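A.B. asks: Quick one: this structure, given as structure tokens, is what I'll be asking you about.
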Amino acid sequence: MDAHGRRHAGDIDPADQWVFNPNTGSYELRLTPAADETPVSYGDGARPTTPRRRRTSSAAGTESDVETTELQVPSQRSPQGGAGGGSGGGRRAANASRRKPKAKLSRKQKVLRWGGGSAALILVAGCGGVYLYLEHLNNNIDKVDVGIDNPAVTDGPANILIIGTDSRTGKGNKGYGDAGSVGHADTTLLLHVSADRSNATALSIPRDMITDIPACPTKQDDGSTKTISAEQGVRFNTSLGQRGRDPGCTWRTVQKMTGVEINHFMMADFNAVKELSAAVGGVEVCVAKDIDDPKSHLKLDAGKHTIKGEQALAFVRTRHSVGFGSDLSRIELQQQFLSAMIRKMKSSNTLTDPGKLFDLAEAATKALTVDSNIGSVKKLIGLGKDLRRVNTDNITFVTAPVVDNPEDKASVVLDESKAAPLFKMLQQDKSLTKTKKDKGGKKDDGGLGKVKPAPASEVRVDITNGGGPVGAAQSTVTWLQNEEGVALSTNAGNASENLSKTRLEYAPNQASQAAALVKMMGLPGSALKKASADAGPEEPMKLTLGKDFTEAGQPIDAPAKTPEGVKEVNAGDKNVCAK
């Protein structure tokens, strides 16, 4: 029986199908291939190595070259002959290996542990599979063509949209009520992984946030495309499921909101939380007070607890018994749970045990829906290998800054003053976690030094458009006058030249005015050009908007650190406790 078949015959342990091949010196998983398939070998710590050519016999009895991926299997368990069984020499080699002293974790095993950690982040929030490596799991994965062709990114930042749907599909989930619902974008995170893979930011998006949902094309069962019309001023969670919207609609909504180009999405249901937490033996969480939530049915005494299965799902769904009883309080629980799951997966022996790994992979892929560009285990492996370098201590969770909606206290709206610089950090690949590369660098201040910014009423500036959107100069003047109090700002029309970068020209005696404008507009030091001579008493500075200018009120340069008032949770922090 092959590994595919174990779902229908639970008494066969997939670990017993690992067979030692004396010709290659490694263990191989012996499967019964379909007529047009080639057996695939797997390896130590389940990390694919460079494919190599080997000879195999075709149905006609001739030999052909077949490219296979070889891996080496952990030797904790005794390999037994599966389909295509091993030789006696293979069994002797396996027995000999068991008599050797226990070796330290190999590099491949360490890599596998990291892959599990990244899978925790993805799976619990609503998706997963970065460590999955078995081709027979492909049939478990649901794929959606969202009409966006973004291949996996290996040479730049990676942005993955993680969606957790509250659809009651899946075993044991109808009891949560609303069984007929098509589901919503109940839990949504935008995972940004830096280009150098040194850090990652997970941005939680509140489900009750009022936003605009753009028009989005959706693929129908008959192959046709139906465009769902745009909506303004609706809850974010309606970007999925409602009116026939698919994950591509949530994708487009988040991309428009943040200005961050998304590469892929992953989505899963309630079972991802239940089954993954059980597979790793539970996840440790902390609550600062007793919890007895009648809505989620979570009952915990104050202190630390190890939770899994239904209890884990109840934990990430709880909101009425913590914080202010809102969705924002629930997000804090989810971020604590995700952080703990990542740490558990990276330190657990689960991912060095082939049997447990198979069960974990099976459960994960059954709960998984992804975009068609990564809709196979092979592609998910590639993504996982690329992202595995991020250190747990360099993963930061934040929530999109919001304020109460004055028109509806049960919902929230984006706090633009904090959200704009935060989104700019993601757009410009700026880390929210201070890594070693970030420390000690001197920030370019454009020669301003520690000059105190002048009052807005004293700032005098002429603004020209040298590459920004049409009308950028006037919209900036309007914003400066109405929002920042810069009454002496003037629209000077189009610039004589186009610039790729915005530029502010100022005189030495205008330094305090320049400092004020830098702070208001988020100008980088490189945008400042200082003249050699002082300006006249009423002479204005000159601001030329370049191609890097997007819109008034949006900072041109990302801040050096997380905007004030934006709460962070570090995945490596073991002392987080829900209040």
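A.B. asks: Can you pull out every residue in the stretch 495-507 that is under 9 Å from residue 466 (Cβ atoms) and surrounded by fewer than 17 Cβ atoms within 10 Å (Cβ to Cβ)?
C.D. replies: Within the stretch 495-507, 496, 497, 498 qualify.
A.B. asks: Let me ask something else about it. Mind listing just one residue for me: the one in the stretch 183-204 that is assigned to a loop (DSSP other than H, G, I, E, B), under 16 Å from the mean Cα position of the chain (by Cα) and of a type outside the set (Gly, Ala, Ser) and, of those, surrounded by the fewest Cβ atoms within 10 Å (Cβ to Cβ)?
C.D. replies: 196
A.B. asks: Restricting the search to the stretch 284-322, which residues are assigned to a loop (DSSP other than H, G, I, E, B) and under 14 Å from residue 336 (Cβ atoms)?
C.D. replies: 288, 298, 318, 319, 322
A.B. asks: So which residues in the stretch 266-291 are closer than 18 Å to residue 163 by Cα, crowded, with 23+ Cβ neighbours inside 10 Å and not charged (D, E, K, R), if there are any at all?
C.D. replies: Of everything in the stretch 266-291, those that are closer than 18 Å to residue 163 by Cα, crowded, with 23+ Cβ neighbours inside 10 Å and not charged (D, E, K, R) turn out to be 266, 267, 268, 270, 272, 273, 276, 277.
A.B. asks: Confirm whether residue 240 is in contact with a strand residue (DSSP E or B) (Cβ under 9 Å, 6 or more places away or on another chain), assigned by TED's automatic domain parsing to the domain that holds residue 369 and more than 17 Å from residue 166 (Cα to Cα).
C.D. replies: So residue 240 does not fit the description; no.
A.B. asks: Another question, if that's okay. Do any strands (runs of 3 or more DSSP E) lying entirely in the stretch 205-252 carry at least 3 residues that are free of Cβ contacts under 8 Å to residues at least 24 places away in the same chain, and which ones are they?
C.D. replies: 225-228, 231-235
A.B. asks: Could you check, for the stretch 313-328, whether at least one of its residues is at pLDDT 90 or above, within 17 Å of the chain's Cα centre (by Cα) and closer than 23 Å to residue 265 by Cα?
C.D. replies: Among the residues of the stretch 313-328, not one is at pLDDT 90 or above, within 17 Å of the chain's Cα centre (by Cα) and closer than 23 Å to residue 265 by Cα, which makes the answer no.
A.B. asks: Exactly one of these conditions fails for residue 295: (1) within 27 Å of residue 377 (Cα to Cα); (2) without any contact (Cβ under 8 Å) to a residue 40 or more places away in the chain; (3) not assigned by TED's automatic domain parsing to the domain that holds residue 380. Give me its number.
C.D. replies: (1)
A.B. asks: Tell me, please, whether a residue that is farther than 30 Å from residue 554 by Cβ and in contact (Cβ under 8 Å) with a residue 12 or more places away in the chain can be found in the stretch 262-269.
C.D. replies: yes
The values are calculated or read from the model by the stated rules, or taken from the named source; none is laboratory data. Keep in mind that this is a model prediction, so the values were computed, not measured. With ideal geometry, Cβ positions are generated from the backbone for all residues, glycine too; neighbour counts draw on all protein chains shown.
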